[in-house]
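Student: Provided herewith is a single structure, encoded as structure tokens, for subsequent inquiry.
Please treat every number below as a calculation from the coordinates, not as lab data. If you're wondering where the values come from, they're calculated on a predicted model, not measured in any experiment. Quick reminder, even Gly has a Cβ in these numbers, built from the backbone with ideal geometry, and neighbours come from all protein chains shown.
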Amino acid sequence: MRICWIMAPSLTFLLLFILLLNGTSSIPNGKRKLPHSEKHQGVACLGCVFMVSIVEQLSQVHNSTTEKAMERFCNYLPELSQLRGICVLVAKLFGPRIIKLIENHMNADMVCHSIHLCKQSAGQPYCHLYPLPKVGLNVAIKKSKRLAGTKVLNNIQGLSGLCSLPFLKNLCKKIEVFTKKHLPYEDTDGDKFSLFPTLRGYHWRGRDCNDRESSVYPGRRPDNWDTGKDSNCNGIWGVDPKDGIPYEQKFCNGTESKGIILLGDSAGAHFHIPPEWVTASQMSEEGFSNLLEAISNELDWPQFSGITGFLNSTIGGWTDSIYLNLLRRNRCNHRDYQNLSKNGASSGNIRDLLESLARNQQFDKPAIVIFAMVGNDVCNGQRDTVKAMTRPAEMRSNVNQTLNYLDNHLPKGSHVILVGLADGRFLWENLHNRYFPLGQLNKDVTYEQYYSFLSCLQVNSCNGWMSSNGTLRDLTTERASELSNVLKEIAKSEKYANFDVLYLDFPLKQLVELWQKSGGEAWQLIEPVDGFHPSQIAQALVASIIWKQILRDWPHVLGKENPFNSEIEAVFNSQGGH
Ligand code: CA
């Protein structure tokens, strides 16, 4: 069964991409969704081209046969996940044909078209990542199809509804079961806080400290000054034996303690695909050790993000966040963060995020809510992308609905900060002529080619900005700035009972200046694998820029510095950690 290794990696990536697209990463708005089959077809092709490229490059880097390269890749995958076993299934279907194609010097585009994971739809262009072959497209396709053999797998053509195929249904289920099985306990108190990191656990909102009592959770005002227990999980409780005063009363009372809540999109959740997963020369078993954790966090890394990050980054750069600054300012704020973000979120589709908000008007502390939908209202994968963008009137109505909801759920004295949309022309300007990770080894794929491949497959997260059409990029920016203006006007004119509304521009210009001043280059601020999201460095720098700006312009939002911080540290140390 040596050949059986053949498609495991490919499937892994297909699944990854499906998870990510099902997580609505490129779907801006429910009413304009692509039909599922079309979406899956694009994803299947993308996954196939990625995978075949990786295998080809692994064999090049290690000077080995294609078979050996596949085996090598499969051995990098986490054993526990059973991903290594997947190939057995698929190899039976695809195996020998792919090896034959690769060893006949067919590039990944040709291979994936030959085995029908990439399909050219009638009247649509031929989608390709690599430059077209010199012999001409038709000749090359004919040749590769001949090599692949005529009996191609009709039953999986297009792979529409991959997870619904009988033999893959099981696999999809396995990934879900695996992550659930490794939960150390069941969530018993039914509140929204958890002792488990991923699956929307404490990587996303402050760790629970008593999962049996639903009245104990981060962010609440202390119950009876927490004399007997830590009801708000900030690590501060009990009574000072010297004077009989409860510590919560002594250290936190009147200190304007508050939490941070993000309503965001994939940038806020910190979407990131590690470049080591797709770069043959850097690939290793260790590099894939975080694969399952990443999948069970929806390929997001909120624990390192610029608004709610709290762990030291393990994916390059460093962590800085509004939460960490808020904690340094007042240690009573420990663990009071909620990252309510989702890949693909935009002003019009955040009802479920709002409903996942955990804040009790009666019992909890006020919160700073950051509303940061920085792209998806203008970013979509539609061919007529401008038509699918949110219009200013829709934006106004969406945001008003959100603010009304918040007014009914936030404690008095809260603050809402609306962040404007980013100017995504930055992406093209800084990336288009650079090599995409898959193109670095042989210098044959730039981001321009990658963006155009994504558009062709209709899986481009942002046809407006990730495009070679300069007029279209300008139009997209124009709409983004109209939508930002709506936010600005709302902040100026609307009044709410339980919070004030403030507006911040997305600080792209300051971000670039700050990074360049310290010797960095602008392209490093963008995620290399998707060519779209802010990188770890950008996350941390944006946090420090925004923090300083709020501190300068609206210090009341952050509350005063707590004079008891060092005493809290002396008595409670790390306050139970995160
Ligand atoms: Ca407490």
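Conditions tested, residue by residue: (1) under 26 Å from Cys233 (Cα atoms); (2) in contact (Cβ under 8 Å) with a residue 40 or more places away in the chain.
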{"residue": "Leu292", "(1), (2)": "no, yes"}
{"residue": "Asp300", "(1), (2)": "yes, yes"}
{"residue": "Thr314", "(1), (2)": "yes, no"}
{"residue": "Tyr337", "(1), (2)": "yes, yes"}
{"residue": "Asn343", "(1), (2)": "no, yes"}
{"residue": "Leu357", "(1), (2)": "yes, yes"}
{"residue": "Ile368", "(1), (2)": "yes, yes"}
{"residue": "Phe371", "(1), (2)": "yes, yes"}
{"residue": "Asn376", "(1), (2)": "no, yes"}
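Student: Can you name every residue in the range 535-552 that is closer than 22 Å to Ile368 by Cα and touching a residue at least 24 places away in the same chain (Cβ under 8 Å)?
Tutor: If the condition is that a residue be closer than 22 Å to Ile368 by Cα and touching a residue at least 24 places away in the same chain (Cβ under 8 Å), then Ala538, Gln539, Ala540, Leu541, Val542, Ala543, Ser544, Ile545, Ile546, Trp547, Gln549, Ile550 are the ones that fit.
Student: From the residues in the range 218-238 that are farther than 22 Å from Gly264 by Cα and within 28 Å of the chain's Cα centre (by Cα), which one is nearest to the ligand (Cβ to nearest atom)?
Tutor: Asn234
Student: List the residue pairs whose Cβ atoms are under 7 Å apart, where the first residue sits in the range 556-578 and is closer than 15 Å to Gly238 by Cα, the second is in a helix (DSSP H, G or I) and not aliphatic (A, V, I, L, M), and the two are 6 or more positions apart or on different chains.
Tutor: Listed pairs, sorted by first residue: Glu567/Phe251; Ile568/Phe251; Ile568/Arg331; Glu569/Arg331; Val571/Tyr247; Gln575/Arg331.
Student: So if I check each of Ser347, Ser296, which one is away from the ligand (no atom under 16 Å from the Cβ), in contact with an Asp or Glu (Cβ under 6 Å, 6 or more places away or on another chain), farther than 22 Å from Phe572 by Cβ and hydroxyl-bearing (Ser, Thr, Tyr)?
Tutor: Being away from the ligand (no atom under 16 Å from the Cβ), in contact with an Asp or Glu (Cβ under 6 Å, 6 or more places away or on another chain), farther than 22 Å from Phe572 by Cβ and hydroxyl-bearing (Ser, Thr, Tyr) holds for just one of Ser347, Ser296, which is Ser347.
Student: Only one residue in Arg434, Arg383, Arg391, Arg425 is of a type in the set (D, E, K, R), surrounded by fewer than 22 Cβ atoms within 10 Å (Cβ to Cβ) and touching a Lys or Arg at 6+ places or on another chain (Cβ under 6 Å), so which one is that?
Tutor: So the residue among Arg434, Arg383, Arg391, Arg425 that is of a type in the set (D, E, K, R), surrounded by fewer than 22 Cβ atoms within 10 Å (Cβ to Cβ) and touching a Lys or Arg at 6+ places or on another chain (Cβ under 6 Å) is Arg425.
Student: Across the range 441-458, what is the total count of residues that are in contact with a Lys or Arg (Cβ under 7 Å, 6 or more places away or on another chain) and part of a helix (DSSP H, G or I)?
Tutor: Number satisfying all stated conditions: 1.
Student: Another question, if that's okay. Which of the helices (runs of 4 or more DSSP H) contained wholly in the range 481-572 include at least 1 residues that are charged (D, E, K, R)? I'd like the intermediate steps shown before the answer.
Tutor: Numbers: elements: 508-517, 536-553, 555-558, 565-572.
Once the helices (runs of 4 or more DSSP H) in the range 481-572 are filtered for at least 1 residues that are charged (D, E, K, R), what remains is 508-517, 536-553, 565-572.
Student: Which of the residues spanning the range 393-430 are part of a loop (DSSP other than H, G, I, E, B) and either out of contact with any strand residue (DSSP E or B) (no Cβ under 9 Å at 6 or more places or on another chain) or small (Gly, Ala, Ser) (or both)?
Tutor: Within the range 393-430, Asn408, His409, Gly413, Gly420, Leu421, Ala422, Asp423, Gly424 meet the criteria.
Student: So, one more: Restricting attention to the range 239-264, which residues are farther than 25 Å from Ser341 by Cβ and either assigned to a strand (DSSP E or B) or within 9 Å of the ligand (Cβ to nearest atom) (or both)?
Tutor: Residues of the range 239-264 that are farther than 25 Å from Ser341 by Cβ, as a first pass: 239-256.
Within the range 239-264, Val239, Pro246, Tyr247, Glu248, Cys252 qualify.
Student: Could you check how many residues of the range 530-544 are in contact with a helix residue (DSSP H, G or I) (Cβ under 7 Å, 6 or more places away or on another chain) and surrounded by fewer than 21 Cβ atoms within 10 Å (Cβ to Cβ)?
Tutor: The number of residues fulfilling the criteria is 2.
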